[in-house]
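The structure under discussion appears below in the form of structure tokens.
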2 protein chains.
Amino acid sequence: MGATKTALFTKEQNEIALMAKALAHPARIAILQHLVKKNACVCGDLVEELGLAQATTSQHLKELKTAGIIQGTIEGVSVCYCIHPDTWKKYKDLFSSFFTEVDLCGPKCC
Amino acid sequence: MGATKTALFTKEQNEIALMAKALAHPARIAILQHLVKKNACVCGDLVEELGLAQATTSQHLKELKTAGIIQGTIEGVSVCYCIHPDTWKKYKDLFSSFFTEVDLCGPKCC
DNA sequence: ATATTATATCGTAAAATTACGATGAATAGG
DNA sequence: CCTATTCATCGTAATTTTACGATATAATAT
């Protein structure tokens with residue numbers, strides 16, 4: 001018990017859920033918004049910006065990186081992070097199509 | 001430790017994260033897709049559809065209900081669930097505006 | 001070479017999530 | 001009234017997430 005039963009669901013359902021999971025923490029939303037605003041920034045900036053410990057911030061960055069939404073490039077001692085444009089577009093499209101499915105739903109509900 | 005530090009983030013950041021959390025499980029995506037497709041259905045249908053235990057299905061329904069995305073109406077012995085149109089639209093708009101923020105991001109990244 | 005800086009990773013504790021059986025509550029049908 | 005049906009809730013175990021201090025790594029600076 002305790003583990004998500006991935007095998008029961010379609011590839012698309014699992015994919016949407018994984019994308020949502022990547023966005024399911026305010027720190028990660030804040031990171032993405034900051035990256036959008038500044039176009040790019042180093043990890044240290046985000047530690048200050050978020051107010052979380054360096055280890056915690058790094059952990060959130062790793063999750064976003066694993067999900068493919070951001071990318072990091074080593075710049076000397078620092079690591080410069082920015083949005084990964086292709087994956088971002090993929091996320092946008094998948095969520096968009098998921099939500100527009102429901103425009104077909106009429107006003108008559110139970 | 002272990003609890004999300006909500007106080008560090010803006011209302012909007014927390015709100016987006018909560019929405020994403022509601023969608024961050026394939027079973028809940030499957031429930032929403034089924035509701036969209038059938039317009040409405042009772043809990044028992046979803047238990048069959050998902051292949052999860054009745055208690056687990058009911059738990060996922062509760063989370064979607066708490067998030068406001070669905071609503072349930074008692075119909076005799078059963079409970080009929082359907083999408084809550086207003087909240088759905090709110091979700092759609094919030095995600096949409098969150099993602100379009102980044103269209104401003106140029107191609108030059110680090 | 002050594003010290004400094006920036007980041008990642010490890011270890012770990014607390015908390016939340018996921019899942020299910022068992023039980024409870026409410027309604028319908030006999 | 002009694003039984004069956006449908007769903008919610010309780011209790012609980014396994015797992016995952018969140019958070020942080022401590023430590024490791026890697027590059028720059030002195």
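Here are the numbers for this structure:
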{"read-out": "Those residues of segment A:22-39 for which accessible area with every protein chain present is at least 20 Å² below the isolated value (1.4 Å probe)", "value": "A:23, A:24, A:25, A:26, A:29, A:30, A:33, A:36, A:39"}
{"read-out": "Inter-copy spacing of residue B:11 label points, which lie 7 Å from Cα along Cα→Cβ, given in nm from shortest upward", "value": "4.3"}
{"read-out": "Proximal lysine pairs, chain A, alpha carbons under 22 Å, eight or more residues apart or interchain", "value": "27"}
{"read-out": "Average accessible surface area per residue within the protein assembly as shown, 1.4 Å rolling probe, Å²", "value": "54"}
{"read-out": "Cα-centred dipole magnitude for the protein assembly as shown, charges only on beta-carbon of K, R (+1) and D, E (-1), debye, nearest 20", "value": "120"}
{"read-out": "Label geometry 7 Å along the beta-carbon vector: residue B:62 inter-copy distances in nm", "value": "3.3"}
{"read-out": "Size of the B/A contact, given as accessible area buried on both chains, probe 1.4 Å, in Å²", "value": "4300"}
{"read-out": "Simple spin-label estimate for residue B:55 and residue B:18 in nanometres, 7 Å along Cα-Cβ", "value": "2.8"}
{"read-out": "Accessible surface of the protein assembly as shown, 1.4 Å probe, proportion on carbon and sulfur as whole %", "value": "55"}
{"read-out": "Largest-first principal axis extents, alpha carbons of segment B:20-63, Å", "value": "24, 22, 15"}
{"read-out": "Under Karplus coefficients 6.51, -1.76 and 1.60, residue-wise ³J(HN,Hα) of segment B:13-27 in Hz, glycine/proline x", "value": "4, 5, 5, 4, 4, 5, 4, 4, 4, 5, 9, 8, 8, x, 5"}
{"read-out": "Ascending list, in nanometres, of distances separating the residue B:86 label from those of the other copies (7 Å, Cα toward Cβ)", "value": "4.3"}
{"read-out": "Cα-derived Rg to Rh of chain A, Kirkwood definition", "value": "1.07"}
{"read-out": "Gaussian network model of chain B, springs between alpha carbon atoms under 10 Å - residue of B:36, B:47, B:77 with greatest fluctuation", "value": "B:77"}
{"read-out": "Overall dimensions of the protein assembly as shown as given by Cα atoms, namely Rg and Dmax in Å", "value": "18.7, 67"}
{"read-out": "Residue B:78/residue A:97 FRET efficiency (R0 25 Å; Cβ-Cβ; nearest 0.05)", "value": "0.20"}
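The values are calculated or read from the model by the stated rules, or taken from the named source; none is laboratory data. Bear in mind that the values here come from a model prediction, so they are computed numbers and not experimental data. Positions of Cβ are backbone-derived with ideal geometry, glycine not excepted, and every protein chain shown enters the neighbour counts. Only protein heavy atoms, including side chains, enter the accessible area calculation; ligands, DNA and RNA are left aside. Shrake-Rupley method; radii C 1.70, N 1.55, O 1.52, S 1.80 Å.
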